[in-house]
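In what follows, a structure is listed as structure tokens, so that the remarks can point back to it.
The values are calculated or read from the model by the stated rules, or taken from the named source; none is laboratory data. Owing to the predicted nature of the structure, the values given are computational and were not obtained by experimental measurement. Don't worry about glycine lacking a Cβ; one is built from the backbone with ideal geometry, like all the others, and counts go over all protein chains shown.
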Amino acid sequence: MSPTDYSPRVRALFAGPPCAGHLPEGPGERRRGEAGSPEQGAWVVFEARVVAGRVGEAVFRAWGCPHVIAASALVAEWLGGRPIGEAADVDVQALAAELDLPPAKLGRLLIVQDAAASLASLGVPGR
């Protein structure tokens, strides 16, 4: 795909993805959720700081196309302030609509969704 094949929203999020990086030290429980692999065409890791059952801060790292980066940024922003259990409630159809995602790329969003869901269910301490 060429840069003009991406929606303006995807291009903006890819150019400066909010919430990208590593979770800084701070109070609260650190959680980590991961899904995908480079061999699958997308790999996503979410890290979150949970205080009193709510996400105080969430960040992501991802490998994949601009759609994966953009969707991961949106999910990391969306997680902030929510109960950690809601991380399993990522709405793939809403993400696809917001990003004007081609149907062939929907599988990539499922990897983003799986990474967020594992953040909620596994409670794996952040690394």
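Give segment 1-41 a look and list any residue that's among the hydrophobic types (A, V, I, L, M, F, W, C) and within 19 Å of CYS65 (Cα to Cα), or say none. If you could, list the steps in order and put the result at the bottom.
Residues of segment 1-41 among the hydrophobic types (A, V, I, L, M, F, W, C): 1, 10, 12-15, 19-20, 23, 35.
MET1, VAL10, ALA12, LEU13, PHE14, ALA15, CYS19, ALA20, ALA35, listed by residue number.
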Exercise. Identify the single condition in (1) out of contact with any Gly (no Cβ under 9 Å at 6 or more places or on another chain); (2) closer than 20 Å to ALA94 by Cα that PHE46 does not satisfy, given that it satisfies every other one.
Key: (1)
Quiz item: Can you pull out the residues in segment 25-41 that are in contact (Cβ under 8 Å) with a residue 12 or more places away in the chain and surrounded by fewer than 19 Cβ atoms within 10 Å (Cβ to Cβ)?
Solution: GLY26, PRO27, GLY28, GLU29, ARG30, ARG32, PRO38, GLN40, GLY41
Exercise. May I ask you to list pairs of residues, at least six apart or on different chains, whose Cβ atoms are under 9 Å apart, with the first in segment 98-121 being touching a residue at least 60 places away in the same chain (Cβ under 8 Å) and under 24 Å from GLY56 (Cα atoms) and the second being aromatic (Phe, Trp, Tyr) and part of a helix (DSSP H, G or I)?
Key: ALA116/TRP78
Quiz item: Is it the case that segment 69-83 has a residue that's more than 21 Å from ARG9 (Cα to Cα), modelled with pLDDT of 95 or more and exposed (fewer than 15 other Cβ atoms within 10 Å of the Cβ)?
Solution: yes
